[in-house]
Amino acid sequence: MSSPTRWELLKDPAEVAQEAAYRILRAAEDAIAERGVFRIVLAGGQTPEHCYSILAKSEAEWSRWQVYFGDERCVPPDGRDRNSLMACRVWLDHVPIPADHVHPIPAEKGAELAAREYEPLVRSALPFDLVILGMGEDGHTASLFPCHEHPADELVHAVHHAPKPPPDRVTLSVAALSNARQVLILITGASKRPTVQAWCRGESLPIMSIRALTTVDILIDKEAGL
Ligand code: 6PG
């Protein structure tokens, strides 16, 4: 049974960031109240950076958070293109989340080895409480790209020849990203408008494969708008 997808149109990237941060903090409160832990998967790319900077200045029961990554580029841990580096620089290094509660994908080891090492960690974390995703202009999400085939039984894939550099990456699978109570997708900017329109026309895009156990919520600004 597919989960409902809800679109919310917001004024601009700042409003998307504020609404996303609010929903993340609320999801954390609910998860911690119900289960004593909050398991979140972070998006990479640029879109979530403002939201992460708001979280850096927010109050939360940080010691109850477990942080995973939806994908990672195969670059050194201190490489400027590293998704985990951005999240730490902007947010995670500024709040008291225990270091062993932040689980970067060891993509510097190479895509295959990193995927093999990350898979048991993902398996033991499922279901996630919240997955945060962005969307590329070609409709990719995490590092799930159009025309890329992956074994259906994997929770974590090695990616090569990615059309968005760098070519080698590691990504959680559709199955892993969809094994989440909630999914929150952040889309901003005029460059995403044609892709949003293709989505609304029902064209087949990798991001459209993502489901959730309850809801998939999409926060979109007017520039990318419906
Ligand atoms: C990555 C991201 C990727 C990103 C989209 C959108 O590693 O590149 O995980 O999936 O979310 O490409 O990127 P922007 O937010 O920078 O537009």
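The values are calculated or read from the model by the stated rules, or taken from the named source; none is laboratory data. Small disclaimer: the values here were computed from a predicted structure and weren't measured. Glycine also receives a Cβ, built like all others from the backbone with ideal geometry; neighbour counts cover every protein chain displayed. Heavy atoms of the whole protein, side chains included, go into the accessibility calculation; ligands, DNA and RNA do not. Shrake-Rupley method; radii C 1.70, N 1.55, O 1.52, S 1.80 Å.
Quick notes on this structure:
- For the residues A198, A180, A158, the requirement of being buried (at least 23 other Cβ atoms within 10 Å of the Cβ) and away from the ligand (no atom under 11 Å from the Cβ) singles out A180.
- Residue check for R23: touching a strand residue (DSSP E or B) at 6+ places or on another chain (Cβ under 8 Å) and open to solvent by 10 Å² or more (accessible area, probe 1.4 Å): yes
- For region 80-113, a residue qualifies if it is within 16 Å of the ligand (Cβ to nearest atom) and in contact with a helix residue (DSSP H, G or I) (Cβ under 7 Å, 6 or more places away or on another chain), and the qualifying residues are M86, A87, V90, W91, H103, P104, I105, P106, A107.
- Count of region 15-60 residues which are small (G, A, S), part of a helix (DSSP H, G or I) and within 15 Å of the ligand (Cβ to nearest atom): 3
- Picking from residues in region 85-137 that are without any contact (Cβ under 8 Å) to a residue 24 or more places away in the chain and either among the aliphatic types (A, V, I, L, M) or under 17 Å from I24 (Cβ atoms) (or both), the one that is least open to solvent (accessible area, probe 1.4 Å) is C88.
- Scan of region 61-70 for residues that are within 16 Å of the ligand (Cβ to nearest atom) and part of a strand (DSSP E or B), ordered by number: V67, Y68, F69
- Some residue of region 41-57 being over 20 Å from L184 (Cα atoms) and either in contact (Cβ under 8 Å) with a residue 40 or more places away in the chain or open to solvent by 10 Å² or more (accessible area, probe 1.4 Å) (or both): yes
- Condition met for S3 (open to solvent by less than 20 Å² (accessible area, probe 1.4 Å) and under 18 Å from the mean Cα position of the chain (by Cα)): yes
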